[in-house]
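Peer 1: Have a look at this one.
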Amino acid sequence: MVDVLEIMDALDIDNAMFAGHGWGARVAQGLAALYPEYVECLLSFGRYALTAPNKELLPPYSTSEAHWFEHLLNTSSAEKILEEDMERSARYLWAIWSPGWDATEREIAFAGVVKSFVTPDFVEIVLSAYMEKGGDPRLSDIQASLSERPKITVPHYNPSGRPRSTRVPGRCRQG
């Protein structure tokens, strides 16, 4: 999140529209919640994702089923799975999340994306995003603020559910 603010400042961008899904939704939601002056509006695909779920609350089974990979990535097997079987795991997720693509389209798209997974820090990045552990100590103030589950006050919309604002600005609606 901090790197996005630094880039915006370096490019002299006062505010912008943000859209995100998965990790991108976490970043965009965090910016909107903690730095609303930088966010004109937010388009967020997915649930409010700023903090880990409350372990005291039992989620609906449908939520657990949809987010099974988050549970898997919090197990002791996660690192081994990612290091030793990353491509097969990524291919499986890509297949179940592809929006009705036929097998040929899915394979062509996957071939272009899979290269981004073969980096020295891929496993560390994935585990730090999903494992419930301390995180980067340089970001402790931001993490503490996010743990309070701050409200998002900028105009925002969640197209995978109901609108999260009574007024969605035209620029957010147009995509």
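Taken together, the values in this text are just the output of simple stated rules run on the coordinates, not laboratory data. Small disclaimer: the values here were computed from a predicted structure and weren't measured. Cβ: placed from backbone, ideal geometry, glycine included. Neighbour counts: every protein chain shown.
Peer 1: Near A95, within a Cβ-to-Cβ distance under 13 Å, what is the net charge of the other residues, with Lys and Arg +1 and Asp and Glu -1?
Peer 2: -1
Peer 1: Output ³J(HN,Hα) for the range 78-86: one whole-Hz value per residue in order, computed from phi by the Karplus curve 6.51 cos²θ - 1.76 cosθ + 1.60 with θ = phi - 60°, and x for Gly and Pro.
Peer 2: Ordered by residue, 3J(HN,Hα) equals 4, 4, 5, 4, 5, 6, 9, 9, 4 Hz.
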